[in-house]
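A short worksheet on the structure shown next.
The values are calculated or read from the model by the stated rules, or taken from the named source; none is laboratory data. In this text the structure is predicted, and so the values were computed from the model without any measurement. A quick note on method: Cβ atoms are made from the backbone with ideal geometry, for glycine too, and the neighbour counts reach across all protein chains shown.
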Amino acid sequence: MQADWPILSVLVWLPIAAGLLLLIIGERNVTAARWLALAASVATFLVSVVLWRDFDRAIAAMQFVEREPWIGAFNTWYYLGVDGISMPLIVLTAFITPLVVIAGWTVIEKRPAQYLAAFLILEGLMIGVFAALDAMLFYVLWEAMLIPMFVIIGVWGGPRRVYATVKFFLYTFLGSVLMLVALIYLYLQGGSYAIADLQAMPLTMREQVLVFTAFLLAFAVKVPMWPVHTWLPDAHVEAPTGGSVILAAIMLKMGGYGFLRFSLPIAPDASRELDWLIIALSLIAVVYIGLVALVQQDMKKLVAYSSIAHMGFVTLGAFAAFQIYANTGSLQGAAMGLDGAMVQMVSHGLISGALFFCIGVLYDRMHSRQIADYGGVINTMPVFGAFMVLFGMANAGLPGTSGFVGEFLVILAAFRADFWYAFLAATTLIFGAAYTLWLVKRVVFGPVGNDHVAQLTDLNGREYLVLGILAAAVLALGVYPAPLLDVMRPTIEQLVQQMMVTKV
Amino acid sequence: MSPATITRLDLVLAAPEIFLLTATCVILLVDLFLEDSQRIVTFVLSLVALAGTAYVTALTGVDVRTVAWHGTYVADPVGNLLKVVAYGAVAVAFLYSFGYLQLRRLLKGEFFVLGLFALLGIMVLISANSLVTLYLGVELLALSLYAMVAFNRDSAVSAEAAIKYFVLGSIASGALLYGMSMIYGITGSLELGHVSQSVGALGPNQIGLLFGLAFIIVGVAFKFGAVPFHMWVPDVYHGAPTAVTLFLSSAPKLASFALAFRLLAEGLPGLHDGWQDMLILVALLSMALGNVVAIAQTNLKRMLAYSTISHVGFILMGILAGTSEGYQAALYYTITYVIMAIGGFGMIILLSRGGFEADRLEDFKGLNARSPWFAAVMLMLMFSMAGVPPFVGFWAKLAVIQAALNVGLLWLAIAAVIFSVIGAYYYLRVVKLMYFDEPSERRALQGSGAVKFVLSANGLAVLLLGLYPGLLLALCAAVLP
């Protein structure tokens, strides 16, 4: 059932309007600002629940479409719509943002209204990125998103925040501008910026390779894939807790989303031709970055590297589809890799977000992220310890948690593509468990490490609420992922068909 | 029709210029009888003169290209648009300048009179249809600007800047005139329409024409401030009083565009291959040098000067495409650049106080703590200049890159976007200073209400024109079919 009101526009503009309102209110009335931010983000989430409920699970076509002329000179439209790939990511965005608002409730003391405004504006822009069906609208939102994040890391970040945020901005900006050239090129060939038109457009192999390369730069930086990942650990370490959560939970997903929405359907032949490259980079991320994570001394850095390794599964699952199809001739088999990639994205959004929240909880008390400064936290914070162990297990891919579903699907798909892919990918079950459990062991278990740990107080109600909600989501998705898979199925089947038909 | 007759049509079409000239002379006279404390009268009269000129332009504006004054003058929609934007830019520059000059005891009537004469030069240039009219406009504009740069005559830096500007500007004018004389000698005509026909008949490989063209490109590149003829830009921008820098960076850029458009697109389209190659080099060097050297600047005025150089590279990229799409993009870029540049220098004026120029980068430290709104305005201006959506600067870059891609200059487009990433760094640094650093002083901003209002409007324009760029784009497309 389609709503008769512009539900996607509301999702995009409601948080942005609330953010601007917050900027106008300023720091005069901080309490009002907090409640306004919470109300706006919860309202956005409720609207996204309506989106989830009314979404037609039987069709692959775009739903809730809104299309208005925007810029005549460039034939660009204000064109929104969702399918099974973008809708879950929108709901994820709307789900995480209120938690970020709650988590920063009293922790942020420096200009809290601007802090909350930045997150709300960011939320609107991110939802817009997922909902945009016009490539230029997509690009505008994609770039605009950098501005609030740049400010968030730079103003509320740690000691090396300026370096980290400038690096973050320039890295992503450099990746995206070449995508812009590619989009303009496609527009000049086909006369339309509508993503569906770009997907339908015939392109020669050479054009596809160039376009694919330009997209690859943009999305690989965002995912991030090895070797263009170096901005992420810096950005994560320096960002405030909320910034890290949004970065890990939502922003990284945009790279994966870009591959599914742009690279694969617009340049399918180049994708097939170059799938070895993406698979190689993904496996390097899984294995090598997994090892790098093992030696980290800083909790946030460790989770950041673990994110890179986990996002390797997303790109691996997406690009393994070609070989599965070549080996088995089964579209269902190929779809499994993409299913796994999507589940992994949603699941990683929840788990990495939760882990950054956990680190934030510790950091707020101790003002240290060094693993060595902790030890035996469970003695003073038993409830927190339980949550940390749960999310650690989920990060390691324990069955029953959402982390298991995505990794399992991708490894299964990789088996059908090539035994060695699966073999290398499965090493994550060892490395992932090693670095996560070792982290948990060093921080949570053991005797009380020092006097500071001895004085820790357990979770307050606010923190309990945030972590509890996330824990419920991680478990629910782990035990019963079927609703998510159902939502995606028609769209992913259509995408696989698109990928396997040559455009040359 | 003997050459001496002046028809009614001639007078009607040139009515804006005639009106402005008359009004400026009247203002000059009135100003003689005013005390220093009454300069506000000159100021108000100047604004009235601008409004009157705009009104006359609206009354006499033409929808179709009309040539008058025996082929030396042309009235066309693109000229009207450029003129109207120039009036606005000059008016805004005057609004910013009044308080600034007053605080520094520089408030003389000559500032406004010179500004209006510069505008007259711009208008003559915009409506020029012959080489002589073009040159007349260039010189009227340049002479007024030389005097304005030296306006603070007690400042050694200003005087140095003015001398430098004057000497280098004269050489460039000489080069331009020399190139024009070559073209005239070969084609036998001063009128751009005839020049265009003769060049078409002679073909693109006539060596004398190319020789003349090279000198014309030197002149155009100098007026734009494009590399390698950019040496004057940082020194003049830095040395001139900020109010003059603001003036210099706005309306004269429209004149530079008009100069390039009239000379190259209307006068010498037959030599497109020749000037495209030359401009590719100039544009590429401008984007490269402007963006890289700006990183090293600690003075905001110098930084914006180098940023201007890089923006000029983008404008030239639109022009060198040689298609109507390219000219539209360049026109659009020029207008948006003028809006952004006025805002950037307006911020310096806002932060300045008596005896204190807020033109160092450190002066912007912690601006967010002092005034969140004006920090946000500067943030929008900086991101817009960097070409980050959703601000208007992004669409301008998009338009010129699209024009370049459409004529097959893929590598130039890629170079342009990469240099714009390099350029983003120094714009980000300003944002960093405003937002991430603590202020070294906590004093609230002074600035008059007029300055604050204009600057707020300026910042909002950058945002709104970016959210809905269709209107201005359509306007640019309509005047340059």
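Among residues of the stretch A:185-196 being more than 26 Å from the chain's Cα centre (by Cα) and part of a helix (DSSP H, G or I), the one that is farthest from the other protein chains (Cβ to nearest Cβ) is A:Gly190.
Among residues of the stretch A:420-448 that are free of Cβ contacts under 8 Å to residues at least 12 places away in the same chain, those with a beta-carbon under 7 Å from a residue that is part of a helix (DSSP H, G or I) at least six positions away or on a different chain give the pairs A:Ala422/A:Ile411; A:Ala422/A:Ala414; A:Ala422/A:Phe415.
Checking each residue in the stretch A:182-215 for being closer than 17 Å to A:Lys503 by Cβ, crowded, with 19+ Cβ neighbours inside 10 Å and of a type in the set (A, V, I, L, M) picks out A:Ala182, A:Leu183, A:Leu186, A:Ala194, A:Ile195, A:Leu198, A:Leu203, A:Leu210, A:Val211, A:Ala214. Return the residue satisfying two criteria in turn: it lies in the stretch A:106-136 and is at pLDDT below 90 and over 15 Å from A:Ala18 (Cβ atoms), and of such residues it is surrounded by the fewest Cβ atoms within 10 Å (Cβ to Cβ). Out of the qualifying residues, it is A:Glu109.
Screening the stretch A:167-181 for residues that are within 30 Å of B:Ala369 (Cα to Cα) and either of a type in the set (Val, Ile, Thr) or within 10 Å of chain B (Cβ to nearest Cβ) (or both) and picking the one that is surrounded by the fewest Cβ atoms within 10 Å (Cβ to Cβ) gives A:Leu170. Looking at the stretch B:274-305, which of its residues are within 17 Å of B:Ala341 (Cβ to Cβ) and part of a helix (DSSP H, G or I)? Once the filter is applied, which keeps residues that are within 17 Å of B:Ala341 (Cβ to Cβ) and part of a helix (DSSP H, G or I), the stretch B:274-305 yields B:Ser286, B:Met287, B:Gly290, B:Asn291, B:Ala294, B:Leu300, B:Lys301, B:Arg302, B:Met303, B:Leu304, B:Ala305.
Candidates A:Ala17, A:Ala37, A:Ala73: the one that is under 30 Å from B:Cys476 (Cα atoms) and in a helix (DSSP H, G or I) is A:Ala73.
Condition test on A:Val361, is it touching an Asp or Glu at 6+ places or on another chain (Cβ under 6 Å) and part of a helix (DSSP H, G or I)? For A:Val361, the condition - touching an Asp or Glu at 6+ places or on another chain (Cβ under 6 Å) and part of a helix (DSSP H, G or I) - is met.
Starting from residues that are crowded, with 19+ Cβ neighbours inside 10 Å, without any contact (Cβ under 8 Å) to a residue 60 or more places away in the chain and in a loop (DSSP other than H, G, I, E, B), keep the ones in the stretch B:361-412 and report whichever is farthest from the other protein chains (Cβ to nearest Cβ). Once the filter is applied, the top-ranked residue is B:Gly387. Checking A:Ala103, A:Ala182, A:Ala113, A:Ala135 one by one, the residue that is touching a residue at least 24 places away in the same chain (Cβ under 8 Å) and within 19 Å of the chain's Cα centre (by Cα) is A:Ala103 and no other.
Among the residues examined, B:Leu351 does not qualify as in contact with a Phe, Trp or Tyr (Cβ under 8 Å, 6 or more places away or on another chain), within 11 Å of another protein chain (Cβ to nearest Cβ) and more than 24 Å from B:Leu254 (Cβ to Cβ). In the condition set (1) within 24 Å of B:Ala162 (Cβ to Cβ); (2) in contact (Cβ under 8 Å) with a residue 60 or more places away in the chain; (3) surrounded by fewer than 24 Cβ atoms within 10 Å (Cβ to Cβ), B:Pro228 is compliant with all but (2).
Here B:Gln446 clears all of (1) touching a strand residue (DSSP E or B) at 6+ places or on another chain (Cβ under 6 Å); (2) within 10 Å of chain A (Cβ to nearest Cβ) except the condition numbered (2). Of all residues in the stretch A:475-486, none satisfies being of a type outside the set (Asp, Glu), within 19 Å of A:Leu355 (Cβ to Cβ) and assigned to a loop (DSSP other than H, G, I, E, B). When A:Ala103, A:Ala164, A:Ala94 are checked against the criterion of being surrounded by 22 or more Cβ atoms within 10 Å (Cβ to Cβ), in contact with a Gly (Cβ under 7 Å, 6 or more places away or on another chain), small (Gly, Ala, Ser) and away from chain B (no Cβ under 12 Å), a single residue qualifies: A:Ala103. Entry remark, the stretch B:436-474: residues being touching a residue at least 40 places away in the same chain (Cβ under 8 Å), part of a helix (DSSP H, G or I) and more than 29 Å from A:Ile153 (Cα to Cα) number 6 in total.
Within the stretch A:70-86, being more than 13 Å from the chain's Cα centre (by Cα), of a type in the set (A, V, I, L, M, F, W, C) and either more than 14 Å from every other protein chain (Cβ to nearest Cβ) or closer than 17 Å to A:Met126 by Cβ (or both) holds for A:Leu80, A:Val82. Scanning the stretch A:449-461 for residues that are surrounded by 14 or more Cβ atoms within 10 Å (Cβ to Cβ), of a type outside the set (A, V, I, L, M) and part of a helix (DSSP H, G or I) yields a single hit, A:His452.
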